[in-house]
Structures are given as C-alpha cells and as structure tokens.
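S.K.: Below is a structure I'd like to ask you about.
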Ligand SMILES: Cc1cc2nc3c(=O)[nH]c(=O)nc-3n(C[C@H](O)[C@H](O)[C@H](O)COP(=O)(O)OP(=O)(O)OC[C@H]3O[C@@H](n4cnc5c(N)ncnc54)[C@H](O)[C@@H]3O)c2cc1C
Ligand SMILES: Nc1ncnc2c1ncn2[C@@H]1O[C@H](COP(=O)(O)O)[C@@H](O)[C@H]1O
C-alpha cells in the first residue's frame, strides 16, 4: 500500500507583528513556523494504516509545496516514520492561492500513483479547508472530507470512514481506493519521534523538485489560480470587549462580581 | 482570459443545503448574501436545491428577492459529494451564473473545491463578506482571524464562494413568489461513496446546553492534570465545566462537554472562557451567550471580538484569585 500525505508548514503570528509595506502579508520576522496541527493526525493515520497492514511492502510519502522553511516539518514526518519526502517549490508560488497549490500538489501526487491520499481538513494559517478536495478534483479521485475515523479493508480496497458533521453527528460512508480523504483532529493520538529517529531522519530521502519536474510551468499554475490577494489588514474593531485591568486578584474579583450580577439579572 | 465580472448583470446562483429532510439555515443566509450582491451588480438571483424530494423545499426557498428556484432531482436525499459535484457543475454550465454561493459547511467542503478546481472557477472559502463594486470582492480571515484579507477574482467569468455561517441574516422563508423550475440532470452513477448510516452523538452525563453558567477551558490550560482543578472551581462557582475541541481530541474532556460547530451550541447567561483563542468553529457554538467573559494572555485573540468583558492575563493567576474571592465570600 502506498499513501501520500500532503503536509504544510504553517505560520503563527507573534503577539506583536508588522505587515509588509505592500500590505499583502506579514513581515516574516514576526512569524513562527510549525507543522499544521491537522497534518500530524493525517500522518499518524497513514502510519497506523501501513503498520497495521502487515508485510513490508508499504510506503508513506509526505509531500509539501513550500520553501526551505518547510523542510523542518518534512524532517519531523520522516522522524515519525514516513519513508520519503518531496518538497516542490518555485519562487512564483510565494503567494499562491489554494487552487494553485492544489494544482501543484496534484501534479506531484499523480507521479506517485498512491492508493490513498491524506490531507488535513484545514491549515491553521490560511484556513481554506479546500486544498485536499481541490486536489481530488484535479486528479478525479473519489474523496471524503472531514474524516474522524478510518478503517481500511485491503482485500477489497475499501475504506469505511466516519464523516464528522455539524453538531458532532457522524455519517458513516464507504469509499473504494484510490481515494483522497481529509483528516480531522482527534482521529488518533499522534506519536512523538524518538531522539534516535530524529537523528536518523537526516538520512531518509528528501527530494526537492521544481515545477518542471512535475510537468508544470509558471503559466499553468497561474492559470489555475482562483483568486488574487488585494489587501490584508487587522479586522475593524467592533464594540469589542470591556477590558478588565489591574492585578490578577483584582481581575478575579471583578469576574466574580460580574458573574453574580449577571446570573441574578 | 476575460476581465472577470466587471459590468455586472447575469445571475447569482445559491446552492441550498438540506440535511435529513430539513432545510438548513445557512441556505437562507446565502439568499441574503446573494440578494445584496445581485442588487449592487444588477444581477438576478436563482436558488437551486438538490435532493430526491427537492421540490418540497421550493416554497421555503422562494424568499423575497429570489427570481427563480431550481429544483434538481437526485437519486438520494442524503448528500453525496460526487453527486453534488456533478449537479453543481451541470448547473453552472446550463445557468451560466457569474457567482455561485454555497455555505462554508461540512457538506460544501466535500464538493465545492473539486468543482472550482475542475471548472477553473474564481474561488475563495470561509468568506465573511461578499461585495460588488465594478468587480467582485470577498473578505476572509487570515492567521486564525487575527487579520482580514480582501481577495479579487479578476480573470474569472464565474466565481464560487463558500460563505461562513452566521454572517448574513436568515432571509424570511417563502416571503417572495419566484418562478419554480425543475432541472433534469443525469446524476445516475455519479456517486462514488456509499452511505451506511448516520450516528447521533451520545448524551454524556450533563447537558451543557441547559446550563446557565458555563466555565469553559481551552488549550491554554496546557496540562491534563490541571483539569480536575477546573472541575472543582466550577463546582465552587456554581458553574458547569465545558471546553474547546482540543481538550476533547486529547481525551481530557468528554465530547459531550465540547462547545462549537462540531460540539454543542450553547446560550448560557454567562460564558467564562479561560485560555480559548476564539476560532470560528468555537465561536459558532457560543457567540450568542448573554454575557461572555474571556481571559487570555494574547491581546489579539479573536475571542475578545465577541466577549463583553475581557482580561489579558494568565488564566492560572486569575483562577488563584477567583478561588480566593470565592473562599472569602463563603
Ligand atoms: C470542521 C471543524 C470543526 C471544528 N469544531 C470545533 C468545535 O466544535 N469546537 C471547538 O472549540 N473547536 C472546533 N474546531 C477547532 C478550532 O478550529 C480550533 O482549533 C479550536 O477551537 C482551538 O481551541 P483553543 O482555543 O482551546 O486552542 P488554541 O487556538 O490553541 O488557543 C489557546 C489559547 O490559550 C491562550 N493561552 C495560552 N496559555 C494561556 C494562559 N496561561 N493564560 C491565558 N491564556 C492562555 C493562547 O493565547 C490561545 O489564545 C473545529 C475545526 C474544524 C476544522
Ligand atoms: N502548501 C501545501 N503543501 C502541502 N499540502 C498542503 C499545502 N497547503 C495545503 N495543504 C494540504 O491541504 C490541507 C488543508 O489546507 P487548506 O486547504 O489550506 O486549509 C492541509 O492540511 C494539507 O494537507
């Protein structure tokens, strides 16, 4: 069984940050990078599936579209047990929207011919919630979004999955592979890498490829774009909260007062 | 390539959502959004509903300002991503809308990105505001709603947007008298997943939707061993303990205590949020509480945007203080 897991290195804002002069992004000095929370769960799901399947004819390949910053995330995945990593990058992808990224991912994944493709439900910085299913669209793969339980029957190539709906309601559906699933947090307990595995991960293959290596060029990617960023700014502050000032004890006393007042009223 | 939708005119198409035989509120919110853009762009509004028994929703969807309701008959009432994908693709081809609005919901996330990718549409998700002023614009969050982005769709004749729930008012069902048209589509064999069953959430020991005072904890508590302390605090304070999702995912809290889109929607008199950032899916479950008090170390946390009272402080120091205050009072 071969599983491709699409993973993304995401940025979180420092408590204080500055926007770039062109207003189209955040000054990278104020960003902190880590692997997208959802992708920890989808990698774990892939590892559990291949480890549970018996035999050693399995491969988990992690793929990312990202600059050098993303390699740390890929190394982390290799340390946890992924066999191989692929990083696709081109300068022109700097501000790529979700469809352009999906287009590139689709091209890279197509080359791998996997049985299963796993993506996260969403990435915490862009919050598109769309890249996985867009990849399925490009590749014409069967797909299920927001999966919170997954069983796979290798003999029939059928996955039985739980879609998590609003209000926690579950829909159980079956899908035949090859298929793409987007994985929800809580589906499993992501493992930690051992120190030894982290050291050894340096020796596992990490291929860095460009657009032409996956059969694309800048024009094809920009033709896929679904939107163009016009501006980025802090949200307008509405009425906002009335802020409680003072020492923690003073704040606590005010909270107790407010609660009492509001519960009686 | 064209310059996109600059002249206005044409049609805005809303894809309604139903689940287990009921129309979902987001459908009529999308109608409000569509009406607003259509007015600015001089466009018409069509609403399509897909399902085995789609005609039964036509009357409700015919809100004021809707010009046409399109009923599409599908092999099953249950949403199936690939059936919806084929149906919406066919509707885009036959109706030639300039803008397609769907909800940013679990169902739509399952098919809309595939339609946009395959048809090469303009596309953005989790949109909080759509506007037209000589061109289409959408506003959406970035970096967990700490920033807002405006995006444009300059090269696209047709754009598909998924719109966040709760951002537009629910249009009055059945308040207009649009034309209703049945659209025949060949959807046989489109399904690629097989529905097995729905499962409802297990009850749990307490019903947090009934509580008047919720003390709600988030990832800011950081350690499983701290959780009992908050249960004691809740008991002392006369509150019911609830939480954000990560604590449930980690197994620190039972799922019956989860507030939010995939948990419970609560409307207590007081909601005290400790160490919760205020992600959109969390807010979806508590933003209508009468009084919201939030404690968070990050002054930019989105939770302060919906809270009535806020404190930028370490939750543990504040909890020490609350414990002291309650002891003194008793
Ligand atoms: C389809 C879908 C459905 C979802 N459904 C839900 C749902 O139903 N409910 C839900 O909650 N989430 C849901 N989520 C997840 C949601 O996107 C967020 O990941 C989640 O709400 C974050 O929880 P949090 O605020 O506790 O954690 P974080 O976002 O990590 O925030 C922790 C906060 O604690 C603060 N903090 C840290 N230490 C301290 C301290 N010592 N004192 C004070 N503050 C501190 C930090 O500043 C931060 O703001 C869903 C996501 C998806 C994609
Ligand atoms: N640049 C990227 N490289 C690899 N995978 C990505 C990238 N962007 C998004 N994804 C995948 O798509 C999922 C959802 O992200 P998004 O659609 O951006 O919210 C992520 O969890 C990843 O699995």
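S.K.: Which ordering of B:312, B:47 is given by a fewest-first count of other beta-carbon atoms within 10 Å?
M.R.: Ordered from fewest to most neighbouring Cβ atoms within 10 Å, B:312, B:47 come out as B:312, B:47.
S.K.: Pairing the Cα long axis of helix A:71-80 with the longest principal axis of chain A, what angle in degrees results, from 0 to 90 and rounded to the nearest 10?
M.R.: 70 degrees
S.K.: In nm, to one decimal, how far is the modelled label at residue A:208 from the one at residue A:176, with both set 7 Å along Cα→Cβ?
M.R.: In this crude label model, residue A:208 to residue A:176 measures out at 4.2 nm.
S.K.: Would you kindly work out the equivalent ellipsoid of chain B from its C-alpha gyration tensor and give its semi-axes, the square roots of five times the eigenvalues, largest first in whole Å?
M.R.: Semi-axes (√(5λ), whole Å): 42, 22, 17.
S.K.: Okay, moving on. On average, how much area does the Cα convex hull of the protein assembly as shown cover when viewed from any direction, in nm²?
M.R.: Average projection, Cα convex hull of the protein assembly as shown: 27.3 nm².
S.K.: Throw me the Rg/Rh for chain A, computed over C-alpha atoms with Kirkwood Rh, two decimals.
M.R.: Working: Rg = 21.4 Å, Rh = 20.5 Å.
On the Cα set of chain A, Rg over Rh gives 1.05.
S.K.: Still on this structure, I have one more. Given the DSSP H assignment, sum -39500 (n - 2.57) over each helix run of at least 4 residues in chain B and divide by its residue total; what's the result at 222 nm in deg cm²/dmol, nearest 500?
M.R.: -7000 deg cm²/dmol, from helical runs alone.
S.K.: How compact is segment B:11-183 by the rule of thumb for globular proteins, expressed as Cα Rg over 2.2 N^0.38 Å?
M.R.: Normalised by 2.2 N^0.38 Å, the Cα Rg of segment B:11-183 equals 0.94.
S.K.: Here's a follow-up. Mind running the shape call on segment B:208-329? Use the C-alpha gyration tensor, a ≥ b ≥ c as the square roots of the eigenvalues: rounded below 1.5 for a/c, prolate if a/b tops b/c, oblate otherwise. Before the final figure, lay out the partial values.
M.R.: Numbers: a/c = 1.27, a/b = 1.18, b/c = 1.08.
In terms of gyration-tensor shape, rounded.
S.K.: If one takes the longest principal axis of the Cα atoms in chain A, at what angle in degrees, from 0 to 90 and to the nearest 10, does the Cα axis of helix A:37-52 lie?
M.R.: Between helix and principal axis, roughly 40 degrees.
S.K.: Can you figure out the FRET efficiency of residue B:73 with residue A:250, using R₀ = 56 Å and their beta-carbon distance, to the nearest 0.05?
M.R.: Taking R0 as 56 Å, the efficiency between residue B:73 and residue A:250 is 0.30.
S.K.: Give the relative contact order (percent, whole number) for chain A; include only Cα pairs under 8 Å separated by 6+ residues.
M.R.: 23 percent.
S.K.: Moving on. Would you mind checking the tilt of helix B:25-41 against the longest principal axis of the Cα atoms of chain B, expressed as 0 to 90 degrees and rounded to 10?
M.R.: So the inclination is approximately 60 degrees.
S.K.: Pairs of Cα atoms under 8 Å, at least six residues apart: use those to get the relative contact order of segment A:1-150, whole percent.
M.R.: For segment A:1-150, the relative contact order is 30 percent.
Since every read-out is calculated from the coordinates, none of them should be taken as a lab result. What you see is a predicted model, and the numbers here were worked out from it, not measured in a lab. We place every Cβ from the backbone using ideal geometry, glycine too, and count neighbours over all the protein chains shown.
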